[in-house]
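Down below is the structure, laid out as structure tokens.
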């Protein structure tokens with residue numbers, strides 16, 4: 001299981017190093033795509049198909065909502081190969097989408113990793129923390 005929270009700097013060449021613990025579990029060839037709440041998802045190639053199935057379910061592409069989800073997720077996906085130091089260049093479209101600047105945060109979330117701009121994550125984390133009790137109650141009630 002992929003868990004944890006790690007910060008990293010973005011190099012001048014717009015490369016970022018995936019934490020070693022995540023590389024050990026996901027491998028050196030990943031898929032990076034737009035994700036929800038303005039972050040980027042990183043997932044192993046092996047787990048990518050399962051994630052797509054979970055998100056899209058068994059729905060057909062006859063509805064606009066499914067087609068738009070296809071466009072958002074599949075249309076933004078990039079295969080990325082990590083170098084020997086575990087780094088990859090964050091594709092420009094994903095950098096712009098997630099507003100990635102000079103510092104990022106990697107969040108391990110079971111079978112995937114979210115990549116956030118540090119300032120955006122700090123704001124989102126504060127929002128989550130402020131409503132954590134309510135979220136637990138809502139999900140368990």
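Conditions (1) touching a residue at least 40 places away in the same chain (Cβ under 8 Å); (2) within 22 Å of residue 28 (Cβ to Cβ), marked per residue:
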| site | (1), (2) |
| --- | --- |
| 52 | no, yes |
| 57 | no, no |
| 67 | no, no |
| 95 | yes, yes |
| 99 | yes, no |
| 109 | yes, yes |
| 113 | yes, yes |
| 125 | no, no |
| 128 | no, no |
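Checked against (1) closer than 27 Å to residue 13 by Cβ; (2) free of Cβ contacts under 8 Å to residues at least 60 places away in the same chain, residue 104 passes all but condition (2). The set of residues in segment 96-110 that are farther than 15 Å from residue 32 by Cα and not in a loop (DSSP other than H, G, I, E, B) comprises 103, 110.
Filter segment 1-12 down to the residues that are closer than 16 Å to residue 51 by Cα and not in a strand (DSSP E or B) and list them by number. Answer for segment 1-12, where residues must be closer than 16 Å to residue 51 by Cα and not in a strand (DSSP E or B): just 1. Here residue 4 meets each of (1) at negative phi; (2) surrounded by 12 or more Cβ atoms within 10 Å (Cβ to Cβ) with one exception, condition (1).
Rule-based calculations on the coordinates, nothing more; no lab input. Given the structure is predicted, the values throughout are model-derived calculations rather than measurements. When we count neighbours, we look across all protein chains shown, and the Cβ atoms used for this are built from the backbone with ideal geometry, even at glycine.
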